[in-house]
Amino acid sequence: MPLFFIRLVLIIEKINTVIGRLAMYLIFALAGVLLYSVIAKAFFRPALWTQEMAQFTMVGYFVLGGAYSLILGANVRMDLLYGRWSVKTQALVDCVTVFCMIFFLVIVLWGGIESTIYAFEFGERSRTVWRPYMAPIKIVICFGVFLMILQSIAFLIRDIATLRGVKI
């Protein structure tokens, strides 16, 4: 396996690990927003922005942590037969199925980029009372999907290396 591919896999996984670990802290931001919402409803005037801000924070948490959860193996896998196979058979099957995942993520990214461009061109805003601009959250979604595509490519390279008898 060429050294370039080994380094590429390690760099992609390092970037996704750092971003995923940073994204984990968004759960505290989400808790803060929800806590403020409860306090504001109980003692003050209800804030108009808290529900949507909580949704945006959760989207960031979910999407930016997606590639890191793939690294950790926290994704759902149908393990009816997979666990019984040899490591090379698992790698072979993963080489085939990762293309389905990459295809799906590329379609999602394509739609996300088009939607983000639309949001910038027309100044798209949410239809709620708060009316925040939608472009920032769409950028976060596109970035998170891009990280998952990179991680899928890293998995493909790792599986090819496994088939060739090289451990990355």
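Each value in this text was obtained by applying a stated rule to the coordinates, not by laboratory testing. In this text the structure is predicted, and so the values were computed from the model without any measurement. Reconstructed Cβ throughout: ideal geometry from the backbone, glycine too, with neighbour counts over all protein chains shown.
Starting at 0 and stepping by 5 Å, how many percent of the alpha carbon pairs of region 1-98 end up in each bin? Final binned percentages: 2, 11, 13, 14, 13, 12, 10, 8, 6, 4, 3, 2, 0.
Over region 43-168, Cα pairs under 8 Å with separation of 6+ residues give a relative contact order of 38 percent. For a straight C-alpha distance cut-off of 13 angstrom, the aspartates and glutamates reachable from K88 (same-chain residues fewer than eight places away being disregarded) are D159. Screening the chain for DSSP H helices whose Cα atoms reach 24 Å or more along their own axis and whose mean Kyte hydropathy is at least -0.5 gives 3-24, 26-43, 87-122, 135-163.
Relative contact order of region 1-75: 44 percent, from C-alpha pairs under 8 Å at least 6 residues apart in sequence. For region 106-129 versus region 52-69, the spacing of their alpha-carbon centroids is 17 Å. Just checking my list (i) 64, 36, 31; (ii) 52, 43, 31; (iii) 90, 35, 27 against Cα extents along the principal axes in Å computed from this structure; which label fits? Given (i) 64, 36, 31; (ii) 52, 43, 31; (iii) 90, 35, 27, the calculated one carries the label (i). For K14, list the lysines whose Cα falls under 23 Å from its own Cα; do not include residues on the same chain fewer than 8 positions away. Here the lysines satisfying the reach criterion relative to K14 are K167. The loop-placed chymotrypsin sites (Phe, Trp or Tyr not before Pro) in region 51-112, going by DSSP, that have at most 12 neighbouring Cβ atoms within 10 Å of their Cβ come out as W85.
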